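One structure below.
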Amino acid sequence: MNHQQQQGQDEAWRVRRRQAGIVAFVVGLVGALAFFAFFPGLPHVIDWGAIVVSLAVGALARWACQLWMTKRRGELMSGR
């Protein structure tokens, strides 16, 4: 494989990793907000605390997704 093909594959992987991170962030954010909005026993009010926690959950989901993708790629590359 030549150098340009390798760079193209690396760039495509970075784009997929970034897109997966965005999706993971949104899913974490919406999931946490839905939890605060609909979980029985909690007041059904979205306040600033719920928003901050939801943003933190989204960031954690993004980090975990990108970490998993990086580890997975490392396993695949070392197995070749």
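The values are calculated or read from the model by the stated rules, or taken from the named source; none is laboratory data. Remember, predicted model here, so these are calculated numbers, not experimental data. Heads up, the Cβs are rebuilt from the backbone with ideal geometry, glycines too, and the neighbour counts pull from every protein chain shown.
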Please verify whether GLY8 is modelled with pLDDT of 90 or more and not basic (Lys, Arg), treating the condition exactly as stated.
no
Scan GLY28, GLY21 and give me the residue that is surrounded by 15 or more Cβ atoms within 10 Å (Cβ to Cβ) and within 26 Å of GLN6 (Cα to Cα).
GLY21
Report, by residue number, each residue of region 1-42 that is of a type in the set (Lys, Arg) and in contact (Cβ under 8 Å) with a residue 12 or more places away in the chain.
ARG16, ARG17
Can you say whether VAL57 is among the β-branched types (Val, Ile, Thr), touching a helix residue (DSSP H, G or I) at 6+ places or on another chain (Cβ under 6 Å) and surrounded by 14 or more Cβ atoms within 10 Å (Cβ to Cβ), as far as the supplied structure shows?
yes
Using beta carbons and a limit of 7 Å, which pairs, at least six apart or on different chains, have the first residue in region 63-80 and within 17 Å of VAL26 (Cβ to Cβ) and the second one small (Gly, Ala, Ser)?
CYS65/ALA20; CYS65/GLY21; CYS65/ALA24; GLN66/GLY21; MET69/ALA20
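State all residues of region 9-45 that are polar (S, T, N, Q) and either in a loop (DSSP other than H, G, I, E, B) or over 18 Å from ALA64 (Cβ atoms) (or both); if no residue qualifies, say none.
GLN9
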Against the definition (among the β-branched types (Val, Ile, Thr) and more than 13 Å from the chain's Cα centre (by Cα)), how does VAL52 come out, yes or no?
yes
Restricting region 65-80 to residues that are of a type in the set (Lys, Arg), assigned to a helix (DSSP H, G or I) and at pLDDT below 90, the residue that is surrounded by the most Cβ atoms within 10 Å (Cβ to Cβ):
ARG73
